[in-house]
Every structure is written in C-alpha cells, then in structure tokens.
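Student: Have a look at this one.
The values are calculated or read from the model by the stated rules, or taken from the named source; none is laboratory data. All values derive from a computational prediction rather than experimental measurement. Here the Cβ is made from the backbone with ideal geometry for all residues, glycine too, and neighbour counts use every protein chain on show. Note: accessible area is taken over every heavy atom of the protein model, side chains too, but ligands, DNA and RNA are not part of it. Shrake-Rupley method; radii C 1.70, N 1.55, O 1.52, S 1.80 Å.
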Amino acid sequence: MSEDPLHWNHPKPQPRDRETSGTMKQETGKPEAVSRKRWLVLGSVLTSRVIYTINWFNIAPLLGATGLIALGLSIDLPSQGLLTSSFLLGAGIFQIPAGIVSARWGPKNTSQLGMLILSFSGIGEGLSPNFPVLLVSRFLLGLGAALFFAPAIGILTPLFRQEEEGLVLGLYNSCFNIGGAIGLFGWVLVTDFLGWRGGLVLGGVIGVISVLIGQVVIPRDKVIPRTQRRSMGPVFRNRNIWLIAFGVLGFWGAIFSSSTFLEAYTKDVFGISPYISGLMASTIMFASIFGGPFGGYLSDHLRRRKIFILVPGMLGSLGIILFGVSQPLELWFLIPLVGFLDAIVFSTMYASPSQYPEVGHEYAPLGISIINSVQILGSFPIPIVFTFLVNTYGQNYTPGWFFMGGLALALMLLILGIREPFKANSNASS
C-alpha cells in the first residue's frame, strides 16, 4: 500500500484530477501531511461507522413477540415491522439529497451533521413515551444515517488509490458489522444492566462523543468553486449505477431484515434463550468483519468488481432461503456464511461507482447515494411483507425467508448487465 496518495501516475490533465478538490489533498497541500494524517482520519471515520451501526441495530434485541420493547410499549409484531421500515424510509428518502449536499457543502460537514442527528434520535428512542414518538425517532435516525453514510466514504476514497479502495471500503464495511455485532449481542448485556431505555440512550450519547472527536481529527472541507464543478447529470444517467442499485436491492433488504429478525426467529421458533439467540444472530455480523476486507482486497488485486458482486450475492441469497428449512445446529454454520458473503458484495459494490469516469471521486458520494436510495426505499416493504407472512402463517417464518431470498436471487441477475468498473476507466492507475 502506497504511503503517499498524491504520488500517483495519473496522465495529465484528466477530468478525474479535478475530483480531488475539497479533499485533504487540497486542504494540506503537503504530501507528507496527508500521508501521516490519512490513517488518523480513517480511524476516526471507522469509529463513527461502528457507533452509527450500534444505533442502527441496538433495537433488534428488544424486538419479537416477547421482546422488552414489545412488552414495554405494547407493540405487536406487524407494528415492529413498521418500526423497522420507518428507519428505511428516513434513510432512503435522504440518500440522494445527502450526496448532493456533500458535493456542495463538503463530506465532513454533511457526515458530521448526519451523525449528530442520528445520535440525538437514538437518545429520543430511549426517551419515547409511546409508539408514535418511537416511530418518529426511528425515522429521524434513518435520516441521520443517510447524511452520514455516503459522505463519510467521500472523506476516505480520495486518500487512497483505486487499487486500495476495495480494501479501505472493506474495512469501512467491516466496521458496520462490528457495530452490528455489538448492537445485536453486546446490547443484550447493556440492556440487562441499564434497561432498554438506558441502552438506547447510551447508544446516542457515544454517538455525540464520536462527532466531537471527528470535528477535531477530520480537516475542514474545501468545497469546489461553482465555476469548477462538473455537472451531476452524467451521474444520474449512468446505466451501471442504476443496474447495481436494482440488482442488489433484494439482497440489501433481505440482509437488513435478516439481521433484524434472526434473533426473534430463533427465540420464537426454537425457544432459544435471549443470550444464545443474540449470539447466534450476531454471527452474521462477526463473519462479515472478515468478509469485507477479504472481498475488497481480492477485487482490488484481481481487478474484478462485477464477479465479486454477482457470485457472492447469488450464494448469499440461496443461504437466506435455507434459513427457513434449517435447524439451530445448521444455522450456526449458515448465518455466518451469509454474513461473510454479504460483506464481499457490499464492499465491492461501494468501491465501484468512483471508477466510472462520469462519477469519479468528486461525485462518488452521490453515486453511492443513488444506489443506497434505490436499495433502501425499494427495501421499505420487505420487512413489512416478511412480518405479515410470519403473522399470517401462525408465527411460521419459513414463507418469509423464502420470499426474501427468492427476491434477492432474482434481482441479482441484473448485475450481469453492468460494465466491469476496472474496464470503465482506461486511465486507472496501475
């Protein structure tokens, strides 16, 4: 890995050279300073990513027919599906606005604002006196997540070469899974100690702390002057971006819903204790910690993004179908396998947009925001349909798993139509 991201062998002057405006490269103007600081910046962003995901998933141990939040606020299973989808609605609506704001206002400003909104919303969840307030808090938490996610990637990708981006975004994705594992399993322990309200409030408080650290560590944005900006139109018209978005839509929704309801599934169907079910469900996240860097590294060095989205995506979709016909012993193997595969898919997917010349580093957050917007909004009905099927078939989860895995598998075939990102830009460094 190069110690200095400024010493790249780019051809003179290419449009992609302008993409680095507003990043640390311009902020310092000194290669040595960038080289020293990029690891500190990476550490700050990755820490925020972990805390972001804790606040995403720390509500999962409270769900299910006998979950603490269900008992505390009298919330039935279909309402819990609506609660889960409210987060998706907030996150999905504001994905593209987040990418546009990041291009205009700067990735640091946008991601820090998002993390602050997310953190205060997490505190609001814990203080909610009833279901409507909890529903609004969950929606606002999704809004904050949208403002954080893609702009945070916009902070990182200009600091590394194209051949390093897969690994970096693999680490970024791994931090999602570290946070998810802590939220799914660790927050069972936190909730036992602090109560369900105290556990949710704690998640928000540590998020506020991460914002304060980021304000010190991450350099200020230097936004591109209006006269030097490229048009956003080609990004919105890029066929590959839309095919990736719709191709991984079903898989995104299935992974999100699986991560949220696996714990409830193992408790309700197999009568497994909360600690064991939490540990079992969290293996989807623990395995992903390794899958992200592994898949990102291989897609970097084999220079193949497309195949590392398609093949693991199809195998992971089949794994979700098998959730519905597996016994607990088999689930101990199957759940982490799906987690490992999903991390490969998403790490590779998020490293792809910046390699299309119409997108580049300048509009990478926007390209990723388009993908996320489609996947999150498109996934909005998936947990609702899943819980509806479970409820309709008398707490039988099997039809729900078949529905989600089958949808993910069918849509993944769209990835066959994308252009390999490494072949899309003949000026990629080698």
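Student: Name the pairs whose Cβ atoms lie under 8 Å apart, with the first residue in region 170-198 and without any contact (Cβ under 8 Å) to a residue 40 or more places away in the chain, the second open to solvent by 30 Å² or more (accessible area, probe 1.4 Å) and not β-branched (V, I, T), and 6 or more positions between them or separate chains?
Tutor: Partner pairs satisfying both residue conditions: L194/L202.
Student: Now, a different point. Looking at this structure, is D300 of a type in the set (D, E) and open to solvent by less than 10 Å² (accessible area, probe 1.4 Å)?
Tutor: Here the answer is yes, as D300 does meet what is asked.
Student: Looking at region 93-126 only, could you name the residues that are open to solvent by 10 Å² or more (accessible area, probe 1.4 Å) and outside any helix (DSSP H, G or I)?
Tutor: The one that is open to solvent by 10 Å² or more (accessible area, probe 1.4 Å) and outside any helix (DSSP H, G or I): F94.
Student: Report yes if P293 is open to solvent by 20 Å² or more (accessible area, probe 1.4 Å) and assigned to a helix (DSSP H, G or I), otherwise no.
Tutor: When the stated conditions are applied, P293 passes them.
Student: I would also like to ask the following. Which helices (runs of 4 or more DSSP H) does region 182-274 wholly contain that include 2 or more residues that are among the charged types (D, E, K, R)?
Tutor: 187-217, 249-270
Student: Select, from V385, V390, the only residue that is surrounded by fewer than 24 Cβ atoms within 10 Å (Cβ to Cβ), touching a residue at least 12 places away in the same chain (Cβ under 8 Å) and of a type in the set (A, V, I, L, M).
Tutor: Step by step, each of V385, V390 is checked, and only V385 is surrounded by fewer than 24 Cβ atoms within 10 Å (Cβ to Cβ), touching a residue at least 12 places away in the same chain (Cβ under 8 Å) and of a type in the set (A, V, I, L, M).
Student: Is region 382-401 home to any residue that is closer than 30 Å to A103 by Cβ and either touching a Phe, Trp or Tyr at 6+ places or on another chain (Cβ under 8 Å) or not hydroxyl-bearing (S, T, Y) (or both)?
Tutor: Yes, the conditions are met somewhere in region 382-401.
Student: Taking the options L366, L416, L377, L411, name whichever one is open to solvent by 60 Å² or more (accessible area, probe 1.4 Å), touching a residue at least 40 places away in the same chain (Cβ under 8 Å) and under 25 Å from A145 (Cβ atoms).
Tutor: L377
Student: Which of the residues that make up region 127-139 are part of a helix (DSSP H, G or I) and within 18 Å of S85 (Cα to Cα)?
Tutor: Across region 127-139, the qualifying residues are F131, P132, V133, L134, L135, V136, S137, R138, F139.
Student: Of the conditions (1) open to solvent by 20 Å² or more (accessible area, probe 1.4 Å); (2) at pLDDT 90 or above, P129 clears all except one; give me its number.
Tutor: With respect to (1) open to solvent by 20 Å² or more (accessible area, probe 1.4 Å); (2) at pLDDT 90 or above, P129 is out only on (2).
Student: Just the residues that are under 16 Å from L156 (Cα atoms), of a type in the set (A, V, I, L, M) and modelled with pLDDT of 90 or more, please, taken from region 342-370.
Tutor: M349
Student: From the list G339, G319, pick out the single residue that is assigned to a helix (DSSP H, G or I), crowded, with 19+ Cβ neighbours inside 10 Å, at pLDDT 90 or above and over 19 Å from the mean Cα position of the chain (by Cα).
Tutor: When all the criteria are applied, what remains is G319.
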